[in-house]
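Readers should treat all values here as calculations from the given coordinates under stated rules, not as data from a laboratory. Note that the structure is predicted; figures quoted are calculated from it, not measured. Counting neighbours? That spans all protein chains shown, and the Cβs are built from the backbone with ideal geometry, glycine included.
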Amino acid sequence: MTIAASDRTETADADTTYNYRHFGPKYYDFKEFDGPRPGETAPNFEATTLDGEPVQLSDFIDQWVVLETGSMTCPITDSKVHAMDKLQRKFDDVAFVLLYTREAHPGEHYDAHTSFQEKLDRAREFADEYDVERTVLVDDVEGSAHRQYGGMPNSVHVINPDGVVVMRGDWNNLAKVEEVLETRDPDRIYERDIYRGKPLFFTRKKGVIRVLRDAGPRAVWDFLKYAPALAWMHLKKEFRGKQSGG
């Protein structure tokens, strides 16, 4: 049963728990991507619609599902919003779901969520500002569903009508998602499961600088502080991917 918004508890320590107030690499594992792998059953989860109604992922699993994660303060989400909506218009018989998660780069204006109602309100603001055409679901304030699916800021999972993950990416890769949906072979499993899609900056609504600026000075400072470390982690990940043939 989905917990009512009024029953959600506040986060006790926002610096050390899921809803961090200061972005940092320690909150993301760039070496391993947890969650269901291609060929495994997609875990069911409970979430809430923007209208405040409880829903489960299983409510969609009688058709193909594209499950993406994102938030208002994620520049990569910003770069994919309109492109993903366009993809939904192309494949209108596929359920495109965006799961609203913790804030990737919290700041003074868009801070870490301290209650479910705050998170729900933020998701509604996000959907309105971006004119999101897809179904937006809101995870609980503890990030239960997000954690089940790897906990990355803008990941993607493609799930077939049998409820099996056939492709996943630690970062959303629209080209690969489109390829999977073009064929839609329920028996095909994409073994190379981590597709390192690059941001589509030409489709962005705001761009990195404005997303961070809108979040607040703290978001800008934390990003600049850790930019060299993040760049190095990404380069190492790319190198490992090339070495493994991914």
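Annotations
- Given +1 at the Cβ of Lys and Arg, -1 at the Cβ of Asp and Glu and no other charges, the dipole of region 53-97 around its Cα centre is 280 debye to the nearest 20.
- Computed label-point distance, nm, for sites Lys225 and Lys90 using a 7 Å Cα→Cβ extension: 4.0 nm
- Relative to the current alpha-carbon distance between Glu129 and Glu182, full extension at 0.36 nm per residue lengthens the span by 16.1 nm.
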